[in-house]
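The values are calculated or read from the model by the stated rules, or taken from the named source; none is laboratory data. The structure displayed is predicted, hence computed values, not measured ones. As a convention, Cβ positions derive from the backbone with ideal geometry for all residues, glycine included, and neighbour counts pool all protein chains shown. Accessible surface areas use protein heavy atoms only, side chains included; no ligands, DNA or RNA. Shrake-Rupley method; radii C 1.70, N 1.55, O 1.52, S 1.80 Å.
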Amino acid sequence: MPVWLITGASKGIGLGFVQALALDPENAVLATCRTPAEATELQAIATASEDLINVVQLDHEKPESCQQAATEAEDLLGELPIDYIINNAAFHPGHAPLASVSLPLFERTLVSNVVGPTLAQPDPILLTLFENRFMSVAEAMGKSLRQTAISTNIKERLDFSCAIFAADGDLVANAPYIPIHLGSMSFAVKYQLKLHAKSLKEGDVLMTNSPRAGGSHLPDITIITPVFSPDEKSKIMFFTASRGHHADVGGISPGSMPPTSTTIFDEGAQIVSFKIVDDGIYQRDQLLDFMCTQPAKYAGSSGCRNFKDVESDLKAQIAANHKGVRLIHALIEEYGQNTVKEYMDHIRDNAESSVRNLLREVVDRLGTTDLKATDHLDDGTPICLSISINKSEGSAVFDFEGTGPEVRGNLNAPISVVHSAIIYCLRSMLNSEIPLNSGCLVPITVKIPGDTLLSPSDTAAVCAGNVLTSQRIVDVILKAFDACAASQGCTNNLTFGEGGKDASGVVKAGWGYYETIAGGSGAGPDWHGTSGVHTHITNTRIGDLEILERRYPLILHRFELREGSGGKGEFNGGDGVIREFEFLQKMQVSILSERRSRQPYGLHGGNPGKSGRNLWIKQLREEDGDLPEQTRNPAEGDLPPNKPRVINIGGKATVMMGKGDRFIIETPGAGGWGAPTQPTEKV
């Protein structure tokens with residue numbers, strides 16, 4: 001008969017062990033717990049089971065109680081050998097003193113077949129438990145945000161992220177939201193810590209979106225809430241944070257993703273640091289000033305065109321953060337803050353160890369410690385990467401020397417975005433299921449030369465760097481690791497709307513809509529690419545047909561796969577999509593896209609995917625000067641209908657489209673892997 005000793009059996013995984021063992025009558029179980037209520041619960045299991053189950057109650061606050069419990073346990077078991085020990089002392093505050101009890105029973109555990117944690121080494125089961133508990137907090141925050149937001153972009157397209165951060169600002173855990181957000185949010189939290197570390201108090205909530213303060217681009221607004229210790233009200237234990245893409249934060253065009261922006265001031269409201277809630281009081285007047293008054297001070301730029309929607313979504317983010325705070329406090333109450341912090345550290349250590357092992361495996365697979373890759377944006381700007389791996393340490397240096405200079409347009413990517421791309425790629429190449437967290441970057445040193453596309457000046461335009469350049473950085477990293485062929489390398493950012501400051505300087509109320517559009521994902525050494533998906537670090541939904549047509553003046557005529565756009569190979573690249581809109585009233589339409597002149601490359605002989613294309617089907621109009629004069633004699637019958645113009649507007653353009661105009665976006669396919677082979681007939 002196997003004999004099991006389970007300490008801390010009354011909570012969580014410990015109770016689960018008792019219930020599982022009780023299913024087998026061959027087991028003998030000795031279980032310890034803290035309170036009479038817990039003892040009653042365990043006794044109920046014992047009564048319902050045919051097992052030998054004994055329950056020992058102890059009080060973790062009284063060492064003499066632990067001593068007495070240990071003595072009682074020794075008497076119960078006598079000389080019966082202990083086969084297995086599941087010791088929860090390392091994670092359950094109620095049983096920590098057992099580690100110091102010196103009695104024959106616990107001396108025997110040192111030479112027994114011990115299963116479970118020690119204070120220095122985490123239990124793998126409990127590590128997984130805490131990973132999922134932390135992730136569940138972020139998931140609950142996300143559900144709250146989605147349910148209470150009102151904008152299409154956050155509520156329907158799910159363009160938001162929620163995460164938990166340590167007291168030092170390091171990412172601890174997240175739910176599977178938007179990778180570009182999650183890797184860069186840590187920079188935002190740490191920046192706010194530098195400004196407010198000593199002045200933060202319960203009831204404070206911070207707001208920021210500036211690229212120089214850890215932001216990605218201005219529409220991505222981050223809300224940060226400190227989580228204070230239940231025992232020490234001035235001690236910060238965690239931060240909860242949410243980042244949402246707000247469809248209009250002002251700027252020179254509706255949707256706040258202007259293809260023609262050349263400075264950060266063209267792109268809308270910029271907030272370095274703002275206590276949107278100060279000591280529990282919501283600061284609406286200051287928010288209104290930041291979002292509407294300040295951006296409109298710059299030539300051609302407007303304030304937020306739909307402040308009420310943005311304000312509502314920001315309140316939803318504040319509420320989501322508060323949900324996370326309450327859940328973290330519940331976790332601390334259940335396990336104790338020392339245990340929660342300890343397993344937070346274990347989670348980061350586990351991620352670090354996983355990445356170090358990955359780097360060693362890469363050296364073995366590729367037979368070299370030096371990796372290189374280069375790709376170019378459509379304007380010819382190079383992104384260069386050299387990776388040097390130290391196999392013995394399991395570390396690497398990512399050096400972007402050779403990358404092109406800052407550009408006049410908006411493809412500049414803040415440093416936080418570069419780190420997001422790196423942490424995403426490393427996590428994606430891991431076979432183990434771990435939360436994306438800061439531990440992934442511990443073995444990595446990142447070198448980015450100054451005054452480049454990836455380290456732009458504070459006033460550089462950046463709205464496309466977050467959504468386009470980031471995709472190309474990912475392609476370059478995965479190419480260096482020989483992991484897969486190029487994906488579409490784009491997010492195909494479509495914005496449209498009306499309102500804002502007109503040519504005479506008059507501000508009109510309006511609205512803006514924003515979406516990203518799917519394409520093909522790259523093939524790999526043993527898989528075909530996927531067609532019609534958001535690739536890599538976007539991970540948002542596409543705008544829903546019914547919601548689009550109900551809320552906005554348009555008709556969606558086509559949304560289909562662009563067959564044949566994926567590169568052929570032994571494994572084929574994924575196909576892009578075709579999305580065709582007809583606008584029912586005059587409005588400003590903008591497209592911000594890449595891979596319109598350079599095809600997504602294949603690897604190992606695979607063919608490249610097709611580049612994308614943006615077509616304006618323009619109706620002829622007298623006010624536009626393109627309606628031909630009627631020269632035919634009416635007696636000859638009706639004139640043939642005027643044929644619309646088909647205009648390729650390029651990768652980045654803003655167009656005032658009229659009623660009846662159509663816009664067709666053909667997104668890029670992806671590269672294939674391996675030389676194409678002729679298909680054989682099935683017999």
Of the criteria (1) open to solvent by less than 30 Å² (accessible area, probe 1.4 Å); (2) modelled with pLDDT of 95 or more, which one ILE537 fails: (2)
Tally of residues being closer than 15 Å to GLY394 by Cβ and within 14 Å of the chain's Cα centre (by Cα) across the range 427-439: 0
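Residue-by-condition table, conditions (1) surrounded by fewer than 17 Cβ atoms within 10 Å (Cβ to Cβ); (2) farther than 16 Å from ILE264 by Cβ:
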position	(1), (2)
PRO405	yes, yes
TYR424	no, yes
GLU433	yes, yes
SER438	no, yes
PRO443	no, yes
SER455	no, no
ASP458	yes, no
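This table checks each residue for (1) open to solvent by 10 Å² or more (accessible area, probe 1.4 Å); (2) assigned to a loop (DSSP other than H, G, I, E, B); (3) within 30 Å of ALA509 (Cα to Cα).
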position	(1), (2), (3)
LEU288	yes, no, yes
CYS292	yes, no, yes
LYS315	yes, no, yes
ALA319	yes, no, yes
VAL325	yes, no, no
ILE328	no, no, no
GLU342	yes, no, no
SER353	yes, no, no
GLU361	yes, no, no
Matching option when the condition is in a strand (DSSP E or B) and open to solvent by 30 Å² or more (accessible area, probe 1.4 Å), among LYS233, LYS275: LYS275
Residues of the range 236-251 satisfying the condition of being of a type in the set (Phe, Trp, Tyr) and either in contact with a Ser or Thr (Cβ under 7 Å, 6 or more places away or on another chain) or open to solvent by 20 Å² or more (accessible area, probe 1.4 Å) (or both): PHE239
Boolean, LEU436 is part of a loop (DSSP other than H, G, I, E, B), of a type outside the set (D, E, K, R) and within 18 Å of GLU131 (Cα to Cα): yes
Residue check for THR128: of a type outside the set (Lys, Arg), at pLDDT 50 or above and open to solvent by 30 Å² or more (accessible area, probe 1.4 Å): yes
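Looking only at the range 279-310, which residues are small (Gly, Ala, Ser) and closer than 17 Å to LYS501 by Cβ?
ALA296, ALA299, GLY300, SER301, SER302, GLY303
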Qualifying residue in the range 252-267 (condition: modelled with pLDDT under 95, surrounded by 22 or more Cβ atoms within 10 Å (Cβ to Cβ) and in a strand (DSSP E or B)): no
Tabulated pairs, the range 603-632, first of a type in the set (Val, Ile, Thr), second open to solvent by 50 Å² or more (accessible area, probe 1.4 Å) and modelled with pLDDT of 95 or more, C-beta under 7 angstrom, 6+ apart or interchain: ILE617/VAL646; ILE617/ARG662
Near pairs, Cβ below 6 angstrom, 6+ apart or cross-chain, from the range 562-582 (farther than 20 Å from CYS484 by Cβ and in a strand (DSSP E or B)) to any residue that is among the aromatic types (Phe, Trp, Tyr) and at pLDDT 95 or above: ARG579/PHE559; PHE581/PHE663
Candidate set: the range 179-218, residues that are in a loop (DSSP other than H, G, I, E, B) and more than 16 Å from ALA460 (Cβ to Cβ); chosen: the one most open to solvent (accessible area, probe 1.4 Å): LYS198
Residue list for the range 451-470, filter: within 17 Å of the chain's Cα centre (by Cα) and among the aliphatic types (A, V, I, L, M): VAL467, LEU468
Residue in the range 527-540 that is without any contact (Cβ under 8 Å) to a residue 24 or more places away in the chain and either more than 15 Å from SER487 (Cα to Cα) or in contact with a helix residue (DSSP H, G or I) (Cβ under 7 Å, 6 or more places away or on another chain) (or both) present: no
Set SER593, SER611: member being among the polar types (S, T, N, Q), buried (at least 19 other Cβ atoms within 10 Å of the Cβ) and either under 26 Å from the mean Cα position of the chain (by Cα) or at pLDDT below 95 (or both): SER593
Pairs, first under 12 Å from LYS143 (Cα atoms) and part of a strand (DSSP E or B) in the range 153-171, second among the acidic types (Asp, Glu) and open to solvent by 10 Å² or more (accessible area, probe 1.4 Å), C-beta under 9 Å, six or more apart: CYS162/GLU139
Pairs, first without any contact (Cβ under 8 Å) to a residue 40 or more places away in the chain in the range 282-302, second open to solvent by 50 Å² or more (accessible area, probe 1.4 Å), C-beta under 6 Å, six or more apart: TYR298/PHE265
Qualifying residue in the range 385-400 (condition: under 30 Å from LEU126 (Cβ atoms) and part of a helix (DSSP H, G or I)): no
Within the range 373-389, considering residues that are in contact with a Pro (Cβ under 9 Å, 6 or more places away or on another chain) and open to solvent by 30 Å² or more (accessible area, probe 1.4 Å), the one farthest from LEU411 (Cα to Cα): THR374
